[in-house]
Amino acid sequence: MTPRKPKSRVQPPERGPEQEKDFVDEPWEDVDVQRIHMNIISREKGEPEEGFEPTPWWVWTASVLLLFAMGFYLGRFGGTFSFVAHEVEQPSSATMAPMKREARGDMVYAGVCQPCHQATGEGVPGQYPPLAGSEWLLQDPETPARIVLFGLQGDIAVRGATFDNKMPAFSEKLSNEEISAVLSHVRASWGNKAGPVSADQIDSLRTKLAGRAPWTAGELQSVRHKKPA
Ligand code: HEC
């Protein structure tokens, strides 16, 4: 087998009687399919014009104006696509004021305290004391604040039952606002009727007692009674 010499293939078709011979006269090996196709294609009619006219200028102008208007609308009223714009409780954040989320007492309770003290505030007998009707929680605002900030361990009697367990400290995990919110919440839930605890109260206890060890019930009693009446 001798290698065939490649023919120059892509050639602009010339129209004329010679080209017709491509179909018939040339021997099979020399049939140049590409050239034949080029011939056929060039014989065909031009592309139809109707429906393929160039877009008129006014369509472009209108599109550009519309895009501009949409951009303006989004920029002006889109609220940077923030979901906050839909939060009814915080209308101030819709105007891009620096956002400060209010600590929600019920949410802090559900996320932090509830695993131990339970949704009912009744605790778990023998393990976690109740918060509903607890004298430790309700008498003064400082005692529960001290407990939540620095933890509690050892014997404690709550509503006539004794517990001897450990509650962790939350001074590192919760902010003043969160502790204030959760204590105000539990002091007013499950029939409890004690006043709120302010974030300032938490803050001053946090600073005054910084770094101290978990309380015992006895220590809590003695600080409580040292308080000027
Ligand atoms: C890991 C379990 C646990 C978590 C979480 C916990 N506590 Fe406690 N809490 C206890 C235990 C246990 C005691 C009793 C400690 C003892 O036996 O000395 C206690 C005692 C208390 C007391 C004093 C006793 C009483 O029943 O009133 C208060 C008030 C209290 N917790 C509030 C809270 C609040 C508010 C939170 C959430 C910020 C919280 N606790 C989170 C386990 C927990």
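The values are calculated or read from the model by the stated rules, or taken from the named source; none is laboratory data. It should be emphasised that the depicted structure is a prediction, and the values quoted were computed from it without experimental measurement. In this analysis, Cβ positions are derived from the backbone assuming ideal geometry, glycine residues included, and neighbour counts consider all displayed protein chains.
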Quick one: is VAL124 aliphatic (A, V, I, L, M), buried (at least 18 other Cβ atoms within 10 Å of the Cβ) and within 12 Å of the ligand (Cβ to nearest atom)?
no
Against the definition (part of a helix (DSSP H, G or I), more than 10 Å from the ligand (Cβ to nearest atom) and either closer than 23 Å to ARG104 by Cα or touching a strand residue (DSSP E or B) at 6+ places or on another chain (Cβ under 9 Å) (or both)), how does VAL223 come out, yes or no? yes
So, first residue farther than 14 Å from LEU137 by Cα and of a type in the set (A, V, I, L, M) in segment 209-221, second residue outside any loop (DSSP other than H, G, I, E, B) and within 13 Å of the ligand (Cβ to nearest atom), Cβ within less than 8 Å, six or more apart or across chains; the pairs are LEU209/ARG146; LEU209/LEU149; LEU209/PHE150; ALA213/PHE150
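Yes/no matrix, rows are residues, columns are (1) near the ligand (Cβ under 8 Å from one of its atoms); (2) more than 32 Å from the chain's Cα centre (by Cα); (3) charged (D, E, K, R); (4) assigned by TED's automatic domain parsing to the domain that holds GLY121:
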{"position": "VAL148", "(1), (2), (3), (4)": "yes, no, no, yes"}
{"position": "GLY154", "(1), (2), (3), (4)": "yes, yes, no, yes"}
{"position": "ALA157", "(1), (2), (3), (4)": "no, yes, no, yes"}
{"position": "ALA161", "(1), (2), (3), (4)": "no, yes, no, yes"}
{"position": "ALA188", "(1), (2), (3), (4)": "no, no, no, yes"}
{"position": "LYS193", "(1), (2), (3), (4)": "no, yes, yes, yes"}
{"position": "VAL197", "(1), (2), (3), (4)": "no, no, no, yes"}
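A quick yes/no check of all residues on (1) without any contact (Cβ under 8 Å) to a residue 24 or more places away in the chain; (2) within 15 Å of VAL108 (Cα to Cα):
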{"residue": "ALA157", "(1), (2)": "no, no"}
{"residue": "THR162", "(1), (2)": "yes, no"}
{"residue": "LYS166", "(1), (2)": "no, no"}
{"residue": "SER171", "(1), (2)": "no, yes"}
{"residue": "GLU177", "(1), (2)": "no, yes"}
{"residue": "VAL182", "(1), (2)": "no, yes"}
{"residue": "VAL186", "(1), (2)": "no, yes"}
{"residue": "TRP190", "(1), (2)": "no, no"}
Scanning segment 123-146 residue by residue, those closer than 26 Å to ALA199 by Cβ, among the polar types (S, T, N, Q) and under 38 Å from the mean Cα position of the chain (by Cα) turn out to be SER134, THR143
Of ALA62, ALA69, the only residue that is surrounded by 11 or more Cβ atoms within 10 Å (Cβ to Cβ), small (Gly, Ala, Ser) and modelled with pLDDT of 95 or more is ALA62
Taking segment 134-193 and the residues there that are in contact with a helix residue (DSSP H, G or I) (Cβ under 8 Å, 6 or more places away or on another chain) and among the acidic types (Asp, Glu), the one that is surrounded by the most Cβ atoms within 10 Å (Cβ to Cβ) would be GLU178
Using the structure shown, decide if GLY105 is at pLDDT 60 or above and closer than 30 Å to LEU183 by Cα.
yes
